[in-house]
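The values are calculated or read from the model by the stated rules, or taken from the named source; none is laboratory data. Just so you know, these numbers come straight off a predicted model, no measurement behind them. Please note: Cβ atoms are built from the backbone with ideal geometry, for glycine as well, and neighbour counts cover all protein chains shown.
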Amino acid sequence: MNEIVYWNFDKSHLKNSAIQMRETAAINYELKLLSDNKKFKAMNNDYCVDAIKMAERIIGTKISGTVVEVGAGSGVYSCSVAKNSGIEKIYAVEYSEKTVKELMTFVIKKNNFVPEIENKIFPTVGSFDEIKLPDNSVDFIIDVGSLHHSEDRERTFKELYRVLKIGGFLIGIDRCSYNTKTNADLQNKLDRVYSKTYKLDRGYNTEEKLTRRMNSEHDPLLAEWEYLLIKVGFKLTLFWIYSFGTDKKLLRILYKFTVGIFFKIFGGFLMYRKITQLGNMKIPFYPFFSKNQQMMNMIIIAEKKEYIAMP
């Protein structure tokens with residue numbers, strides 16, 4: 001396995017509470033979870049892996065060349081992509097050094113790759129706001145549930161745009177809120193206190209009041225994702241995947257056997273042609289491409305068509 005790569009970056013804008021929560025969950029929850037062979041196998045074939053493969057089919061090519069996964073966490077998705085024959089190297093970038101040292105290296109070893117695959121993966125301590133690679137040097141950037149944690153998304157998107165080659169893609173599987181959500185709704189979600197069970201599972205202090213805001217969570221609107229990605233220069237296709245809360249079981253069942261059947265038949269047709277709207281209404285896609293439990297509700301396919309220097 002390659003030595004850990006260190007990209008020095010400014011940590012002043014990061015929340016100490018978020019760093020501590022990230023590291024605690026990585027070691028006390030994810031490491032234990034992925035030590036279980038059955039759960040490890042499931043994680044390597046989950047919804048986000050299916051969504052990345054769907055994005056590849058829409059683009060018409062496999063992820064290849066030089067790749068950066070931002071907010072890579074355990075490195076599971078970097079390991080999945082590294083199996084593509086066209087990969088030259090993939091930087092699995094995570095800001096938590098402890099997570100990279102203890103969790104990511106464990107996951108890479110547990111995959112038991114042949115050296116030709118394992119040597120393509122570079123576990124990297126760094127930030128998606130300061131990618132230590134030259135302009136126009138990366139073929140693909142992957143995001144799985146990480147970019148919504150950015151404290152300044154426009155700054156982050158400019159950096160991703162900078163390092164991508166012309167013709168390169170950002171593929172994101174992430175979280176968004178629909179445009180009808182009010183600012184009050186979003187703020188209330190961020191101030192939601194984690195349950196005692198959630199804290200216990202992840203090794204947090206069960207007596208401490210911990211909120212999503214403290215964990216550097218954000219709930220960007222669908223329109224905000226679209227606006228900022230286009231603003232920095234990307235040609236964007238964004239699919240909103242409809243998600244249900246656990247309190248809407250009946251609605252989910254009805255949706256599955258009505259709209260779900262429609263998308264099973266026509267979903268691929270719509271996606272391959274990048275049809276995402278009917279008039280002014282965003283099409284709520286059903287996750288027809290995956291049998292696994294849905295984890296994120298947005299697929300981003302953003303291409304750098306030409307270089308536009310940002311001020």
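Table for the structure above
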item	result
In segment 177-224, residue surrounded by the fewest Cβ atoms within 10 Å (Cβ to Cβ) [restricted to those that are among the small types (Gly, Ala, Ser) and either within 18 Å of Arg22 (Cα to Cα) or over 20 Å from the mean Cα position of the chain (by Cα) (or both)]	Ala184
Exclusive hit being in contact with a strand residue (DSSP E or B) (Cβ under 6 Å, 6 or more places away or on another chain) and either at pLDDT below 95 or aliphatic (A, V, I, L, M) (or both), set Val138, Val107	Val138
Neighbours by Cβ (under 8 Å, 6+ apart or cross-chain): first from segment 90-102, under 12 Å from Ile121 (Cβ atoms); second part of a loop (DSSP other than H, G, I, E, B) and hydrophobic (A, V, I, L, M, F, W, C)	Ile90/Ala82; Tyr91/Leu133; Ala92/Ala72; Val93/Trp7; Val93/Ala72; Val93/Phe128; Val93/Ile131; Val100/Ile4
Sole residue being among the charged types (D, E, K, R), over 20 Å from the mean Cα position of the chain (by Cα), within 27 Å of His149 (Cα to Cα) and surrounded by fewer than 16 Cβ atoms within 10 Å (Cβ to Cβ), chosen from Lys235, Lys249, Lys231	Lys231
Helices (runs of 4 or more DSSP H) wholly inside segment 138-252 that include at least 1 residues being among the β-branched types (Val, Ile, Thr) and more than 28 Å from Gly267 (Cα to Cα)	153-163, 196-202
Meets criteria (among the charged types (D, E, K, R), in contact with a strand residue (DSSP E or B) (Cβ under 8 Å, 6 or more places away or on another chain) and either under 23 Å from Ile52 (Cα atoms) or modelled with pLDDT of 95 or more (or both)) for Lys165	yes
Scope segment 264-310; condition in a helix (DSSP H, G or I) and either small (Gly, Ala, Ser) or surrounded by fewer than 20 Cβ atoms within 10 Å (Cβ to Cβ) (or both); matching residues	Lys264, Ile265, Phe266, Gly267, Gly268, Phe269, Leu270, Tyr272
Where Leu200 falls short, out of the listed (1) among the aliphatic types (A, V, I, L, M); (2) touching a Ser or Thr at 6+ places or on another chain (Cβ under 7 Å); (3) more than 30 Å from Lys62 (Cβ to Cβ); (4) in contact (Cβ under 8 Å) with a residue 12 or more places away in the chain	(4)
Considering residues of segment 30-44 that are over 24 Å from His149 (Cα atoms) and of a type in the set (S, T, N, Q) only, the residue surrounded by the most Cβ atoms within 10 Å (Cβ to Cβ)	Ser35
Residue within segment 55-75 that is among the acidic types (Asp, Glu), farther than 24 Å from Ala26 by Cβ, modelled with pLDDT of 95 or more and not in a strand (DSSP E or B) present	yes
Residues that are among the hydroxyl-bearing types (Ser, Thr, Tyr) and more than 17 Å from Lys304 (Cβ to Cβ), drawn from segment 144-185	Ser146, Ser150, Ser177, Tyr178, Thr180, Thr182
Unique residue being more than 23 Å from Ser80 (Cα to Cα) and either β-branched (Val, Ile, Thr) or surrounded by 12 or more Cβ atoms within 10 Å (Cβ to Cβ) (or both) when the list is Ile27, Ile19, Ile4	Ile19
